[in-house]
Amino acid sequence: MNDTIPGPDGLPRCRWCAAAPEFFDYHDREWGFPVGEDTRLFEKFCLESFQSGLSWRTILAKRENFRAAFAGFSIPAVAAFTDADTERLLADAGIIRHRGKIEAVVNNARRALDLIDEKGSLAAHVWSFEPAEADLAAPQSASTSPASVALSKDLKKRGWKFVGPTTVYALMQAMGLINDHATDCSIRSAVEQARQAFPRPVPKSGGINA
């Protein structure tokens, strides 16, 4: 099976774009482009965890509702959420009303603050798991990888929730830790150029105040 389909301009795109018309814009402008800012990265963590067991189309359609419900995914703001906030979110029809996932977002915000204190930024820690080129599977041929397993194990040890290897692999694809665009996808080269130009954030030894 061909791993691409024609896009609106006739150029090839990853085949998964065929699932919904709105996927083309997300695919062309965001998926796989490197993310180094903690708020954006935390949002991707949260949306990927909410997507578990659901379609990405459902999550993408509710994205602005999620942003409004979770304070723009500000890590300090979400970390300060209380039980009352959880109940408020469970009553919010604009998002996925799953108690475990909602509570995981709040928990993970708190764990992210711990990581930021230790490493300097969430992004610095995640990018430290970037796999070597030689260790990559063929584009879109895997749902987990040694790097996603390692990052998943690390985060779970730190108390994160809803960060299994498959969810973490989807995160790695989305935030540009790997370039998993199909080999013939017309966006793959733009993503690779962005990755080459991207300055990898470096963890600070001894914590942010060291």
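For the range 51-121, the helices (runs of 4 or more DSSP H) that sit wholly inside it and include 2 or more residues that are of a type in the set (Asp, Glu) and over 29 Å from residue 27 (Cβ atoms) are 83-90, 99-119. May I ask you to list the residues in the range 63-80 that are closer than 23 Å to residue 53 by Cβ and either in contact with a helix residue (DSSP H, G or I) (Cβ under 6 Å, 6 or more places away or on another chain) or acidic (Asp, Glu) (or both)? If the condition is that a residue be closer than 23 Å to residue 53 by Cβ and either in contact with a helix residue (DSSP H, G or I) (Cβ under 6 Å, 6 or more places away or on another chain) or acidic (Asp, Glu) (or both), then 64, 69, 70, 73, 78 are the ones that fit. Is there any pair with a first residue in the range 1-17 that is in a helix (DSSP H, G or I) and a second that is charged (D, E, K, R) and surrounded by 17 or more Cβ atoms within 10 Å (Cβ to Cβ) whose Cβ atoms are under 9 Å apart and which are 6 or more apart or on different chains, and what are they? If the second residue must be charged (D, E, K, R) and surrounded by 17 or more Cβ atoms within 10 Å (Cβ to Cβ), the pairs left are 15/3; 17/28.
Within the bounds of the range 38-46, is there any residue that is of a type outside the set (A, V, I, L, M, F, W, C), out of contact with any Leu (no Cβ under 8 Å at 6 or more places or on another chain) and buried (at least 19 other Cβ atoms within 10 Å of the Cβ)? Walk me through how you get there before you give the answer.
Within the range 38-46, the subset of a type outside the set (A, V, I, L, M, F, W, C) is 38-40, 43-44.
Narrowing the set further to residues that are out of contact with any Leu (no Cβ under 8 Å at 6 or more places or on another chain) leaves 39-40, 43.
Filter once more, keeping what is buried (at least 19 other Cβ atoms within 10 Å of the Cβ): 43.
Yes: the range 38-46 contains one or more residues that are of a type outside the set (A, V, I, L, M, F, W, C), out of contact with any Leu (no Cβ under 8 Å at 6 or more places or on another chain) and buried (at least 19 other Cβ atoms within 10 Å of the Cβ).
Mind listing whichever residues of the range 19-38 are at pLDDT below 95 and either within 22 Å of residue 124 (Cβ to Cβ) or not in a loop (DSSP other than H, G, I, E, B) (or both)? Full working, then the answer.
In the first step, residues of the range 19-38 are kept if they are at pLDDT below 95; the result is 19-22.
Result: 19, single match.
Based on what the data block shows, is residue 140 part of a helix (DSSP H, G or I), touching a residue at least 60 places away in the same chain (Cβ under 8 Å) and of a type in the set (S, T, N, Q)? Spelling it out, it is not the case that residue 140 is part of a helix (DSSP H, G or I), touching a residue at least 60 places away in the same chain (Cβ under 8 Å) and of a type in the set (S, T, N, Q). The set of residues in the range 1-38 being among the β-branched types (Val, Ile, Thr) and more than 19 Å from residue 169 (Cα to Cα) consists of 4, 5.
Per the listing 192, 118, the residue uniquely touching a residue at least 12 places away in the same chain (Cβ under 8 Å) and within 24 Å of residue 81 (Cβ to Cβ) is 118. Taking the range 144-199 as the range and being touching a helix residue (DSSP H, G or I) at 6+ places or on another chain (Cβ under 8 Å), of a type in the set (A, V, I, L, M, F, W, C) and in a helix (DSSP H, G or I) as the test, the residues that pass are 147, 149, 151, 155, 168, 170, 171, 172, 174.
Checking the condition surrounded by fewer than 21 Cβ atoms within 10 Å (Cβ to Cβ), assigned to a helix (DSSP H, G or I) and modelled with pLDDT under 95, which residue from 124, 134 passes? Give the steps one after another, and end with the answer.
On the way: 124 fails: modelled with pLDDT under 95.
Step by step, each of 124, 134 is checked, and only 134 is surrounded by fewer than 21 Cβ atoms within 10 Å (Cβ to Cβ), assigned to a helix (DSSP H, G or I) and modelled with pLDDT under 95.
Annotation: of all residues in the range 21-32 being touching a helix residue (DSSP H, G or I) at 6+ places or on another chain (Cβ under 7 Å) and surrounded by fewer than 18 Cβ atoms within 10 Å (Cβ to Cβ), the one that is nearest to residue 58 (Cα to Cα) is 22.
Residues that are in contact (Cβ under 8 Å) with a residue 60 or more places away in the chain and within 21 Å of residue 36 (Cα to Cα) are absent from the range 144-156.
Scanning the range 24-59 for residues that are within 20 Å of residue 100 (Cα to Cα), of a type in the set (A, V, I, L, M, F, W, C) and without any contact (Cβ under 8 Å) to a residue 40 or more places away in the chain turns up 47, 56, 59.
The values are calculated or read from the model by the stated rules, or taken from the named source; none is laboratory data. Because the structure is predicted, anything quoted here is derived from the model rather than measured. A quick note on method: Cβ atoms are made from the backbone with ideal geometry, for glycine too, and the neighbour counts reach across all protein chains shown.
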